[in-house]
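**Q** Here you go, one structure.
Readers should treat all values here as calculations from the given coordinates under stated rules, not as data from a laboratory. Being a predicted model, the structure only gives us computed values, none of them experimental. Positions of Cβ are generated from backbone atoms using ideal geometry, with glycine treated the same way; all protein chains shown enter the neighbour counts.
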Amino acid sequence: MERINPLDLPEIIMTVGRSLPLWKHSDNLGFYDYNPKFLLSCTLVCKTWRDALLPVIWYVYNGFVMRSIPKEIIFKYSGHFRLVFGDRSFPGKLLSRHIKSLVISWWNLDLFRLVEDNAESLEFLSWKGAVSSSSYTSSSSLLTNRWPSPDYGLLVRMASTLKELHLSHWTLSGQEMARFLGSCKRLQRLDLAAIDWVDPVPEYDVFLAASSAIP
């Protein structure tokens, strides 16, 4: 029986890949810069290495830091994204369907679609709503409120996986939020900031809903 070289096993290759430098701290700019050159050179070894390392290289997408990467490249490899930080430089539609952590700091209809496409896999969501009346919450609904209202059905789709939820600059219904919290199975932290409440429910109802969701 032919002995398998450990470096031909995808699991080993990915473990090695995760230990190699991918993000380089910039002392001048004060944040980490994306620097995949070394790992990209490793993908040239063979197809096995390439297939194993691409998910490592593209595990994190940061719209600001990676804004210089051509949109076609971002789209091509977006299926590997698991942690996404979206902002004004968001490139548009992505292939991602298994994102675990999503941070949205700037309103964009494509970002809303990204939430829809990954609702059942999200464990962490930080979502800033729009700050103008021209923002959409779906492809067919234009709101005239100062801030948009979320799709509560979409939130409920996250109820079985979501562990942390941070919402800001939204118009919320207290009753709908209480129902959503009551359906959450794993939620451990809820942060709400800059919220316009349209129908706040009695405080004890929110407390009971939150208590049932957060162990």
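**Q** So how do 91-99, 184-192 stack up, highest first, on mean other-Cβ count within 10 Å?
**A** Ranked by mean Cβ neighbours within 10 Å, highest first: 91-99, 184-192.
**Q** Let me ask something else. By the gyration tensor of its Cα atoms, with a ≥ b ≥ c the square roots of the eigenvalues, what is the shape of region 12-82: rounded for a/c under 1.5, prolate for a/b over b/c, or oblate?
**A** oblate
**Q** How big is the gap, in Å, between the Cα center of region 62-126 and the Cα center of region 1-52?
**A** Taking the Cα centre of each part, region 62-126 and region 1-52 sit 22 Å apart.
**Q** Still on this structure, please answer the following. Along Cα→Cβ, 7 Å out, is where each label goes; now give me the distance between the ones at residue 185 and residue 32 in nm to one decimal.
**A** Result for the modelled spin labels: 3.1 nm.
**Q** Here's something else I'd like to know. Give, rounded to the nearest 20 debye, the magnitude of the charge dipole that region 1-125 has about its Cα centre when Lys and Arg contribute +1 at Cβ and Asp and Glu contribute -1 at Cβ.
**A** Computed charge dipole of region 1-125: roughly 260 debye.
**Q** For residue 103, enumerate residues with amide H under 5 Å from its amide H, sequence gap 5+ or separate chain, H modeled in the peptide plane.
**A** Those qualifying (amide H under 5 Å, at least 5 residues apart or on another chain) are 84, 85, 86, 126.
**Q** By its C-alpha gyration tensor, with a ≥ b ≥ c as the square roots of the eigenvalues, how is region 149-188 shaped: rounded for a/c under 1.5, else prolate for a/b larger than b/c, else oblate?
**A** prolate
**Q** Something else about it: Using the Karplus curve 6.51 cos²θ - 1.76 cosθ + 1.60 with θ = phi - 60°, work out ³J(HN,Hα) for each residue of region 115-121 in order, rounded to whole Hz, and write x for Gly and Pro.
**A** With coefficients 6.51, -1.76 and 1.60, one gets 4, 4, 5, 10, 4, 7, 10 Hz.
**Q** Classify region 1-127 as rounded, prolate or oblate, taking a ≥ b ≥ c as the square roots of the eigenvalues of its Cα gyration tensor: rounded when a/c is under 1.5, otherwise prolate if a/b is larger than b/c and oblate if not.
**A** Because a/c hits 1.5 or more and a/b exceeds b/c, region 1-127 counts as prolate.
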